[in-house]
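Step one of this worksheet: look at the structure below.
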Amino acid sequence: MTKKNNLSRRGFLGRIAGIAASVFSFWFIYRFLTPEDSGGDILIQASEADIPEGGAVIFPDKHIALMRMDGALTAMSLVCTHLGCTIALDGDKFACPCHGSIFALDGTVIKGPAERRLDTYRTETKDGLITVFKQVNA
């Protein structure tokens, strides 16, 4: 005699939910324990030779200036820390057209109302290629 195994709707949905929870748990543990290969999401890649000493290359679509000062590369955000307006290079400083904040080329506040320095992004240089990552430096 064969036994017929009837699965109720509630039992079926319970099994599906259990499988989904298991898959999510394994994915979460994998992501938590596995380091990222390239250091995160990439915002910009540029040739190191394109950034002049004492100068900058502006990426307006990403609101980033890639600068080289005293040999050091910096990826500076062009978003004012006051209310998020796009700032512009004004001679030897950055100026916000919305409320008049002024920032030094290293991102420090010269004149408010902004109270916090400009954000910088993590960069990595390898084989003459500069990679700017989405991760903001603390």
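Taken together, the values in this text are just the output of simple stated rules run on the coordinates, not laboratory data. Bear in mind the structure is a predicted one, so any value in this text is a computation, not a measurement. Positions of Cβ are generated from backbone atoms using ideal geometry, with glycine treated the same way; all protein chains shown enter the neighbour counts.
Considering only the range 75-89, I want to know if a residue exists there that is free of Cβ contacts under 8 Å to residues at least 24 places away in the same chain, among the hydroxyl-bearing types (Ser, Thr, Tyr) and not in a strand (DSSP E or B).
No: the range 75-89 contains no residue that is free of Cβ contacts under 8 Å to residues at least 24 places away in the same chain, among the hydroxyl-bearing types (Ser, Thr, Tyr) and not in a strand (DSSP E or B).
Give the residues of the range 74-84 that are touching a His at 6+ places or on another chain (Cβ under 9 Å) and surrounded by fewer than 16 Cβ atoms within 10 Å (Cβ to Cβ), sorted by residue number. Break it down stepwise before answering.
Filtering the range 74-84 down to residues touching a His at 6+ places or on another chain (Cβ under 9 Å) leaves 77-80, 82-83.
Result: 83, single match.
For the range 58-73, how many residues meet the condition of being touching a Gly at 6+ places or on another chain (Cβ under 9 Å) and buried (at least 20 other Cβ atoms within 10 Å of the Cβ)?
At the first step, the residues of the range 58-73 found to be touching a Gly at 6+ places or on another chain (Cβ under 9 Å) are 67-70.
Going one step further and asking which of them are buried (at least 20 other Cβ atoms within 10 Å of the Cβ), we end up with 67.
Final tally of qualifying residues: 1.
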